[in-house]
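The values are calculated or read from the model by the stated rules, or taken from the named source; none is laboratory data. This one's a predicted model, so the numbers in the text were calculated from it and none came from an experiment. Note: ideal-geometry Cβ built from the backbone for every residue, glycine included; neighbour counts use all protein chains shown.
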Amino acid sequence: MSSPILSVQDLGKRFGSLFAARDITVSIPAQQTVGVIGANGAGKTTFINMITGHLRPTKGTIHFEGRDITALPSRQIKAMGISRSFQVAQIFPSLTVFENMCAAAAIGRAPKTLIGHVRTPLRSQESVAEAKTLLELFQIAPYRDSLAATLPQGIRKLLDIGMALAGAPRLLLLDEPTSGISIEEKFDLMQIVMSALLSRKITVLFVEHDMDIIEGFAERVLAFYDGTVIADGMPAATLADPRVQTLISGPKLRSAVGTGAHV
Ligand SMILES: Nc1ncnc2c1ncn2[C@@H]1O[C@H](COP(=O)(O)OP(=O)(O)OP(=O)(O)O)[C@@H](O)[C@H]1O
Ligand SMILES: [Mg+2]
């Protein structure tokens, strides 16, 4: 197993009297695909927000590729190689798919300063080439000239995740990549996303409520409950853990009949 790309030590986040995250110690090897599960409010997004610098931890440390990134500004963390998607797609609705991807590629290639972003032309040869490659990789080239506002939800998600890949990150954090996608479409969407990430050798953490998707795509599962990790291991073992079944996923039968998909 390779050395950790991400190491989180005793991480915690308090909002007033609420511990949104506490006692989180996790080490992730490069190129691992990690699923993150937990009920609503369990602290999954808070965990991601601290890694990406969108929230400052109250306690603990975060190391990326051996460097301490605890509470660095989010822009600097992105420039170092950590990218993310949000629960709600962050795209420009009034631009076309291609224009969105060019913008992401241009920002991804910009010198890592604010003024660099402002000065970077959106249509440099390099960013156009990268945008084209990413459209192909995420299988959305047929939508190239569609306005982002008019896209079906699945294509919008692929665009959003493709944009997060601009700038060649080495760690990608996906916050509910299949939210709002029908059960029938989820598997295909994840197939496209995961093969794209695999081809780029990217380490990925993805938050997911559907246990079938977790079993299908995660190599390892972190189970969150009440701000902390209550189980961490291979999917089959973690999902069979009695505490995980009681507190998060419910018995297998429930998800099989479709009542436990979003706990
Ligand atoms: N900025 C904030 N200020 C105050 N409380 C917050 C803030 N952000 C999150 N919380 C609280 O922290 C807890 C964890 O929230 P978080 O968004 O991390 O949960 P989650 O596991 O991502 O849930 P979901 O599955 O609904 O997305 C919740 O109780 C939430 O209300
Ligand atoms: Mg969340």
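In table form, for the structure just shown:
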item: Index of the failed condition, SER85 passing every other in (1) modelled with pLDDT of 95 or more; (2) in contact with a helix residue (DSSP H, G or I) (Cβ under 8 Å, 6 or more places away or on another chain); (3) crowded, with 19+ Cβ neighbours inside 10 Å; (4) of a type in the set (Ser, Thr, Tyr); result: (1)
item: Enumeration of residues in segment 123-134 that are part of a helix (DSSP H, G or I) and either among the basic types (Lys, Arg) or surrounded by fewer than 22 Cβ atoms within 10 Å (Cβ to Cβ) (or both); result: GLN125, GLU126, VAL128, ALA129, LYS132, THR133
item: Any hit, segment 156-174, residues being within 24 Å of GLN31 (Cβ to Cβ), surrounded by fewer than 17 Cβ atoms within 10 Å (Cβ to Cβ) and modelled with pLDDT of 95 or more; result: no
item: Segment 216-231 residues that are free of Cβ contacts under 8 Å to residues at least 24 places away in the same chain, paired with ones that are part of a helix (DSSP H, G or I) (beta carbon under 6 Å, 6 or more apart); result: ILE230/ARG243; ALA231/THR238; ALA231/VAL244
item: Answer residue from segment 40-79, given it is in contact with a helix residue (DSSP H, G or I) (Cβ under 6 Å, 6 or more places away or on another chain) and within 16 Å of ligand 2 (Cβ to nearest atom) and is nearest to MET190 (Cα to Cα) among those; result: THR52
item: Failed criterion for LEU55 (all others in (1) within 16 Å of ligand 1 (Cβ to nearest atom); (2) outside any loop (DSSP other than H, G, I, E, B) hold); result: (2)
item: Leading residue by the ranking (surrounded by the most Cβ atoms within 10 Å (Cβ to Cβ)) among those in segment 185-224 that are within 16 Å of ligand 2 (Cβ to nearest atom) and of a type in the set (D, E, K, R); result: GLU208
item: Condition broken by LEU159, with the remaining ones in (1) in a helix (DSSP H, G or I); (2) touching a strand residue (DSSP E or B) at 6+ places or on another chain (Cβ under 8 Å) satisfied; result: (2)
item: Which listed residue is part of a strand (DSSP E or B), in the same structural domain as PHE15 (by TED's automatic domain parsing), closer than 18 Å to ARG170 by Cα and within 17 Å of the chain's Cα centre (by Cα), from VAL204, VAL221; result: VAL204
item: Test: ASP160 is in the same structural domain as THR46 (by TED's automatic domain parsing) and within 17 Å of the chain's Cα centre (by Cα); result: no
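Conditions (1) modelled with pLDDT under 95; (2) loosely packed, with under 15 Cβ neighbours inside 10 Å; (3) within 16 Å of ligand 1 (Cβ to nearest atom), marked per residue:
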{"position": "ALA21", "(1), (2), (3)": "no, no, yes"}
{"position": "THR25", "(1), (2), (3)": "no, yes, no"}
{"position": "ILE37", "(1), (2), (3)": "no, no, yes"}
{"position": "ASN49", "(1), (2), (3)": "no, no, yes"}
{"position": "LEU114", "(1), (2), (3)": "yes, yes, no"}
